[in-house]
Each structure stands twice: as C-alpha cells, then as structure tokens.
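The values are calculated or read from the model by the stated rules, or taken from the named source; none is laboratory data. No experiment lies behind these values; they were computed from the predicted model shown. Every residue, glycine as well, gets a Cβ built from its backbone with ideal geometry; the counts of neighbours run over all protein chains shown.
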C-alpha cells in the first residue's frame, strides 16, 4: 500500500455494516501504535537475489573508525560513502576479502548492500483521476473531524517535484529534504522524462496534495512534507541509502516516514535505522502486498 494515512484511517473508519464513527470514538495514536507493534524481535537477514555483488556495508565500533578504515584501505576496498551517524561505510570489495574482514577487530558487521525498488503504481489515467480509494475508506468522514495536521511526514522515495502547484504548500521553502542519490539538498528527480520518476511525487500527492484548493487531486491531510530521495529516477536504490534516509528524517523531526518501496532483505544497517527511528517515536510505514505474496 502506498498510502500512509490509509493505514491509520483503516483503524478509524468502519466497514459499511458498522455504525458511523464520531470524534469521541476516534482511536488514539497510542492505541494505533500498540495495534501495529511487533511482538517478536526481528533478526537481520539478506537474500542472495537482493545482494549487490561486490558492494558491502561495513559497520564499525565507535572509537576505532580510523583503524577500521585503514584496514579496508589495506584490503583494496573502494569507499563509496560513509554514514558516520549510523557508524557504517559503504565499500566496493571482492567477496573473498569481505569474508576476511567479517571477524576483524572493531568491525560490527560486513554485509551486502541490497537492492530496493519502488512499489508499482498503475499508470492508467483513470486510476490517477478517480480517487476511489478515499471513498472506500470513508475519507469524507475523517475530513469532517479535521483536515489539518502539524505533523511532519517524510516521503522516502525517488524524489518529489516540490514546486508542483498541488504540493508547494506542503513544503517549507528551503527545507525541501535531501537527495542521498545525488548528495545534495535538492530532492527532485533528475530526469522527469522517465515515466517512473513521478513515483515519489505521486505518493506525496496521495498523502498531502492541496486539500479543497480547486487544483488536481485531494490528499489525505494538510501536513508538512520532507522529500528524502533514496531511489534513482527509475525507482531503484540500495538499503544503505534507505537506512541513511530514515535516520535523516528522524533527526529532522519527522513523525511519520512513508516508504512506498520494497526489498526481500533486512540487513543489519537497515534494521538499526528502523530501531533508531522507532526509539524516537517515529511511525514507519512501508509498502506491502505489491508482490502478490503472503510471506
């Protein structure tokens, strides 16, 4: 599912055979969070099909960073980038040397960087024009209770055209977000001629397009958006960029992080980023079900 608040509203609004919901009956955020809480501890894992050949995330112990980087250099590793806040470095290295480093002093983990892909959004014009989903989930009843929120929502995706007339009011000028693909403060797609480049813009519109403004579509709620670009224009990316994007959003006050993307792996660096955000009361919402599987 590519909608953030659809998940929340599903717990707030009834099926047709249920009585109407009033403001007094509205479920609290704490109750929603408790409902979606994971009962068991999650362990990291990486599947062979997701692993990027020759590209690894190396986690290091605080205080011995320089020593670990020195060992990596001695092993011929090419450093792609470092996330010092998370305590890992992304390197290009052959598998044999990566295995040798696994149990080295000061090394927390050596694991493959993994593929991430934007979730599918149908390109049919009628799908984008007729927002049947909001009627199915009784969005009009939610809007009767309220349409505005001060919550900051981060859209971790392939960039957002934040100048779009139906989105501009949802961004603070000069605080649009960050581009982990390009390494700059402009999180817009690079090449909008690529059809999939609109993915993050579409998701942002679903969440917080201008409401009742006579333009385009209606989002779920008036809220501030942060665009966190971790996928390229074609919708492909890596788990290390997603992990850095989650931490960045949490550090900048996002209360909700939407990730309409997927991967079949949960490496340590991504799991640690999720826990980092969760510890700061950030609600993480990720796409599920797009592959048509139930596991």
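Screening 186, 190 for residues that are assigned by TED's automatic domain parsing to the domain that holds residue 243, closer than 20 Å to residue 234 by Cα and without any contact (Cβ under 8 Å) to a residue 24 or more places away in the chain leaves exactly one candidate, 186.
If the condition is being more than 28 Å from residue 59 (Cα to Cα), in contact (Cβ under 8 Å) with a residue 12 or more places away in the chain and part of a loop (DSSP other than H, G, I, E, B), then segment 209-232 contributes 209, 210, 211, 212, 213, 215, 216, 217, 218, 219, 220, 221.
Taking segment 83-102, which residues are surrounded by 15 or more Cβ atoms within 10 Å (Cβ to Cβ) and either on the phi < 0 side of the Ramachandran plot or at pLDDT below 90 (or both)? Across segment 83-102, the qualifying residues are 83, 86, 88, 89, 90, 91, 92, 93, 97, 98, 101.
Taken over segment 249-273, the criterion of being in a helix (DSSP H, G or I) and buried (at least 22 other Cβ atoms within 10 Å of the Cβ) is satisfied by 249, 250, 269, 270, 273. Which of the residues that make up segment 103-129 are outside any helix (DSSP H, G or I), surrounded by fewer than 12 Cβ atoms within 10 Å (Cβ to Cβ) and at pLDDT below 90? Hits for segment 103-129 are 103, 122, 123, 124. Before we move on, is residue 143 surrounded by fewer than 20 Cβ atoms within 10 Å (Cβ to Cβ), in the same structural domain as residue 266 (by TED's automatic domain parsing) and modelled with pLDDT of 85 or more? It is false that residue 143 is surrounded by fewer than 20 Cβ atoms within 10 Å (Cβ to Cβ), in the same structural domain as residue 266 (by TED's automatic domain parsing) and modelled with pLDDT of 85 or more.
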